[in-house]
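First up is the structure itself, then whatever we jot down about it.
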Amino acid sequence: MSTPGRVRAVLVTHGALGAELLKTAEMILGPLEGCSFISNSGKSLDELTAELGGELCADEPQVLFVDLIGGSCGHVCASVQRRFPRVLLATGVNLPMLLEFLHHRGRVPLQELKQRLLERGCDGIRCFGWDEERDG
Amino acid sequence: MSFLLIRVDDRLLHGQVALGWGALLHPRIYLLADDRVAADAWELGAYRAMAPEGTRVECRGPAALGREWGGLPDREGTVVLFRGLSELALALEAGFEPGGAINLGGIHASPGSQEILPFLHLTREQSGILKTLLARGHDLFAQELPGGARYGSVRLGEILGGLRSQSGGEEAGGGGAGRKR
């Protein structure tokens, strides 16, 4: 299985979430290349689709990160995969998932990258502290 | 028997519908009354792939819905979504009977539109359709999300009545901010 070269990331999210996730990732990792964001705020489906289409390249591997499955961002990304077959769509983006991508993009095969995104996106989610049975 | 919700929203099935209204109403079916989606298997597949867990996405054109709505199963568990007012009007012309109030949930700004409410932007043609629907006695209310402000038919009529001509760059009157795009 081949290792992809440069893999771009586009965060397609509600409000300013994508911009803030990228800004936070840069605070942790330093300046990032090949990353951009699109917000759905105030945009119709057609406007969002057109903006995303203008952001993507047909001959480059890209990962679309979406915050909410079932939202307009997810729908538009699933829809544009028809025109851009080398696009992977990852929903439920959070900071651990994004950092995992930025650490490993271009270094591991796509299948492994997908698995890493899924695992890292989930395994940082824990609950600590108050236990109703134990603490009342 | 009426549908669970009938909504006009140019994003069709999206977060506000799936999570905002969905959490309140617990629909089993989202019915997209839309010719574009009905004619595009990929697009319908994209909606189905993103549908909330435990729900089903169905689709038919507005005219077909107008003819066939009476035979649809599980109407009380169905949210019907129209992309715009013209699609809603088409379904009503074809015989669609809402059986309850119709929700105007989201129409984004487009060239020549006026902001009627922050989530509702209408062109002159769309304002005309809405006025016609209200004049025919259809029960409509504008409301973006559960818990948000609700503007009933009377208030919508007042807001539309306060609009000036959209052709000469004049601004809207009462109700909306009147921002022209």
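The values are calculated or read from the model by the stated rules, or taken from the named source; none is laboratory data. Since the model is a prediction, treat every value here as computed from it, not as a measurement. Positions of Cβ are backbone-derived with ideal geometry, glycine not excepted, and every protein chain shown enters the neighbour counts.
If you go through region B:56-95, how many residues are buried (at least 16 other Cβ atoms within 10 Å of the Cβ), part of a helix (DSSP H, G or I) and within 14 Å of the chain's Cα centre (by Cα)?
Count: 8.
So which residues in region A:71-101 are more than 9 Å from chain B (Cβ to nearest Cβ), surrounded by 20 or more Cβ atoms within 10 Å (Cβ to Cβ) and in contact (Cβ under 8 Å) with a residue 40 or more places away in the chain, if there are any at all?
Hits for region A:71-101 are A:VAL93, A:LEU98, A:PHE101.
Would you say B:LEU32 is part of a helix (DSSP H, G or I), modelled with pLDDT of 95 or more and within 14 Å of the chain's Cα centre (by Cα)?
Criteria not met by B:LEU32.
Could you check region B:8-21 and list, in sequence order, the residues that are more than 8 Å from chain A (Cβ to nearest Cβ) and assigned to a helix (DSSP H, G or I)?
If the condition is that a residue be more than 8 Å from chain A (Cβ to nearest Cβ) and assigned to a helix (DSSP H, G or I), then B:GLN16, B:VAL17, B:GLY20, B:TRP21 are the ones that fit.
If only one of A:ASP131, A:ASP135, A:ASP123 is of a type in the set (D, E, K, R), out of contact with any Pro (no Cβ under 7 Å at 6 or more places or on another chain), within 26 Å of A:GLY30 (Cα to Cα) and exposed (fewer than 12 other Cβ atoms within 10 Å of the Cβ), which one is it?
After applying the criteria, what remains is A:ASP123.
What residue, of A:VAL66, A:VAL108, is within 24 Å of B:ALA18 (Cβ to Cβ), touching a residue at least 40 places away in the same chain (Cβ under 8 Å) and surrounded by 14 or more Cβ atoms within 10 Å (Cβ to Cβ)?
A:VAL66
Which one of these does B:GLU58 not meet: (1) more than 14 Å from chain A (Cβ to nearest Cβ); (2) touching a residue at least 40 places away in the same chain (Cβ under 8 Å); (3) in contact with a Leu (Cβ under 6 Å, 6 or more places away or on another chain)?
Result: B:GLU58 passes all but (2).
Considering only region B:23-49, how many residues are buried (at least 22 other Cβ atoms within 10 Å of the Cβ) and in contact (Cβ under 8 Å) with a residue 40 or more places away in the chain?
The qualifying residues number 6.
What is the number of the single condition among (1) touching a helix residue (DSSP H, G or I) at 6+ places or on another chain (Cβ under 9 Å); (2) assigned to a helix (DSSP H, G or I); (3) touching a residue at least 12 places away in the same chain (Cβ under 8 Å); (4) within 11 Å of chain A (Cβ to nearest Cβ) that B:PRO52 does not meet?
For B:PRO52, the failing item is (2).
All but one of (1) more than 22 Å from A:VAL80 (Cα to Cα); (2) within 14 Å of another protein chain (Cβ to nearest Cβ) hold for B:GLU43, so report the exception by its number.
(1)
Which ones in region B:101-152 are in contact (Cβ under 8 Å) with a residue 40 or more places away in the chain, of a type in the set (S, T, N, Q) and more than 21 Å from B:HIS14 (Cβ to Cβ)?
Selection gives B:GLN114, B:THR123, B:THR132.
Specify the residue that is farthest from the other protein chains (Cβ to nearest Cβ); the eligible residues are those in region A:50-63 that are closer than 24 Å to B:GLN16 by Cα and in contact (Cβ under 8 Å) with a residue 24 or more places away in the chain.
Ranking the candidates gives A:GLY53 first.
Condition test on A:ALA19, is it more than 21 Å from B:PRO118 (Cβ to Cβ), modelled with pLDDT of 95 or more and touching a helix residue (DSSP H, G or I) at 6+ places or on another chain (Cβ under 8 Å)?
The answer is no for A:ALA19.
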